[in-house]
Amino acid sequence: MRNINRPHSSLRPVAGACLAGAILLLTACATAPKAPTAALTEAKVAISTAEKADASRYAGPELSEARQKLVQADAAVADERMIEADRLAHQSRVAAELASARTETAKAEAVNEELSKGLDALNEELDRPGDKG
């Protein structure tokens with residue numbers, strides 16, 4: 001006579017593995033993500049760099065957006081919404097970097113315009129009739 005319980009005994013390792021996998025999955029889902037301190041620091045540094053470059057003068061809206069996103073990221077951390085906080089911190093950093101880039105562009109354009117005016121003045125001076133030679 002055959003043992004009826006024998007097929008069930010071969011399923012025990014599979015059932016145990018499934019149970020262990022389910023426990024690991026639940027543990028991973030239950031673990032709260034950590035605060036995005038590196039992303040927040042990068043955003044703060046980018047904003048500080050933009051401020052030092054005088055971005056409020058040349059790229060005010062972008063700098064304001066960067067500051068606003070950083071405030072929202074800090075609030076998300078306080079509410080333990082870490083994924084959203086990380087996203088907002090990255091958006092803040094990008095907006096601050098854009099403000100810095102626009103500031104540098106505006107400054108370069110101003111220098112270019114000043115050099116162009118100087119060149120025009122020199123050309124006018126050379127084109128004047130008068131003592132030559």
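The values are calculated or read from the model by the stated rules, or taken from the named source; none is laboratory data. From a predicted model like this one, the values you see are computed outputs, not experimental measurements. Here the Cβ is made from the backbone with ideal geometry for all residues, glycine too, and neighbour counts use every protein chain on show.
Structure notes:
- Pair list, Cβ < 6 Å and 6+ apart or interchain, from the stretch 56-67 residues that are within 13 Å of VAL94 (Cβ to Cβ) and among the β-branched types (Val, Ile, Thr) to residues that are surrounded by fewer than 20 Cβ atoms within 10 Å (Cβ to Cβ) and at pLDDT 95 or above: none
- Identification of helices (runs of 4 or more DSSP H) wholly contained in the stretch 1-87 with 2 or more residues that are modelled with pLDDT of 95 or more yields 37-52, 55-58, 60-78.
- Search result, residues across the stretch 105-133 that are surrounded by 14 or more Cβ atoms within 10 Å (Cβ to Cβ) and either small (Gly, Ala, Ser) or under 19 Å from the mean Cα position of the chain (by Cα) (or both): ALA106
- The listed residues are GLY133, GLY118, and the only one of them that is more than 30 Å from ALA32 (Cα to Cα), modelled with pLDDT under 95, among the small types (Gly, Ala, Ser) and not in a helix (DSSP H, G or I) turns out to be GLY133.
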